[in-house]
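The values are calculated or read from the model by the stated rules, or taken from the named source; none is laboratory data. All figures in this text were calculated on a predicted structure; none of them were measured in a lab. For neighbour counting, all protein chains shown are included, and Cβ atoms are generated from backbone atoms with ideal geometry for every residue, glycine included. Only protein heavy atoms, including side chains, enter the accessible area calculation; ligands, DNA and RNA are left aside. Shrake-Rupley method; radii C 1.70, N 1.55, O 1.52, S 1.80 Å.
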Amino acid sequence: AEAVSVAAEACAEDTKGQTCYICTQALHWKTKEGLVRMCACRGTAGFAHVSCLAEQAKILVAEAEDNNLDVKVWNERFARWHTCSLCEQEYHGVVRFALGCACWKTYLGRREADFARCMAMRQLGNGLFAAEHFEDALSMRETELSVLRRLGASEGDILDVQGNLSITYGKLGRYERALQIERDVYFGRLSLHGEEHEDTVREASGYALSLLHLGRFQEVKTVSRKTIPVARRVLGGHHGHLLMMRLNYAIALYKDPTATLDDLREAVVTLEETELLARRVLGGVHPFAAGAEKSLRESRAVLRARESGDVESIRELVAAMAASWDA
């Protein structure tokens, strides 16, 4: 209930005067909660109550279980716990957290080996992460990893959780540990799936990010130049994994102390394209779009300072970027 209240409050300005696309009411008939959005829907689309979204997901998953539908259909239905059915983009921020709490509450009472319960544990961890409760997210993900190992889960499932763990360690500033895990996950995916697989591309992005945190810019550029063409070919030009790879690559270009003017210009062009695509695909309020915009401002400032030969400005920019670094 607290998570729902926080989510509704955070979305209050955006949802003013709107109604839920599921129940068609402004206030939920039972809980009296307000509306949320936090996906890529625009205009008057996508407004809903967390309770309505949760009930919709619960019913869809129950139908899949009762009718013994195949795994593909089950996964598509379970995705309603984290992905908007209208714009097909994942929810973010406190809305993702509220849905994660609702998902965990729904399946918590099942036996430990139940698939829905295992997936609900992951959704709660993802929600905690999205709401920036990183210590709690780490605890949940470590617990999930322990449970999956005890249950004898597949290598792919184990790698999924380890990848999430690596990202969480990075958010907590434990960059060496994050890189250690992510390197193993990335090469594990390469061995399991090959380079032309969405999961391998995703972990290549995580690997590049871990290297970026440690200032290993040349390695970031090497991994990115190898993976970006693969991501574009396999996933398409607008996919989130490709956008993340391009962002990591551009940041490595302009933050590298040895960057040439050509490197800085390439970084600015790459970020202009990435920021524009992020806003078009994810919406202007999405955290990734905001991060891409911040990096674009920084890259332009560095380029202007280098082109003008203003050494003092360059030093100040480098110091400011180091102090404010937050992936």
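Mind sorting out which of [x] 0.99; [y] 0.93; [z] 0.96 is the real Rg/Rh (Cα atoms, Kirkwood Rh) computed from the coordinates? Only one listed value fits the structure, namely [x]. Dividing the mean sequence gap of close Cα pairs (under 8 Å, 6+ apart) by how many residues the chain holds gives a relative contact order of 10 percent. Helix 217-235 and the long axis of the chain differ in direction by around 50°, with both axes built from C-alpha atoms.
Given a 1.4 Å probe and every protein chain left where it sits, what share in percent of the accessible area of the range 224-305 is carbon and sulfur?
Numbers: 2070 of 3540 Å².
In the range 224-305, the share of accessible area belonging to carbon and sulfur is 59 percent.
For T83, the residues whose amide H sits under 5 Å from its own are Y91, ignoring neighbours fewer than 5 places away on the same chain, with H placed 1.01 Å from N. If you fit an axis through the alpha-carbon atoms of helix 311-324 and take the longest principal axis of the Cα set of the chain, what angle between them do you get, 0 to 90°, nearest 10? Once rounded, one gets 20 degrees. How far, in degrees from 0 to 90, does helix 175-193 lean away from the longest principal axis of the Cα atoms of the chain, to the nearest 10? Roughly 70 degrees, rounded to the nearest 10.
The residues of the chain have, on average, 48 Å² of accessible surface per residue, using a 1.4 Å probe with all protein chains present. The distance from the alpha carbon centre of the range 249-284 to that of the range 37-78 is 35 Å, rounded to a whole number. Short-range pairs are left out: with C-alpha atoms under 8 Å and at least six residues apart, the relative contact order of the range 1-91 is 25 percent.
Taken about its Cα centre, the chain carries a charge dipole of about 200 debye when Lys and Arg each add +1 at the Cβ and Asp and Glu each add -1 at the Cβ.
Between R110 and E88, the modelled labels are 2.5 nm apart [label points 7 Å from Cα along Cα→Cβ]. The apolar share of the surface of the range 114-200, taken as the fraction of accessible area on carbon and sulfur atoms (1.4 Å probe, ligands and nucleic acids excluded), comes to 45 percent. Model label sites at K32 and D70, defined 7 Å from Cα along the beta-carbon direction, differ in position by 4.8 nm.
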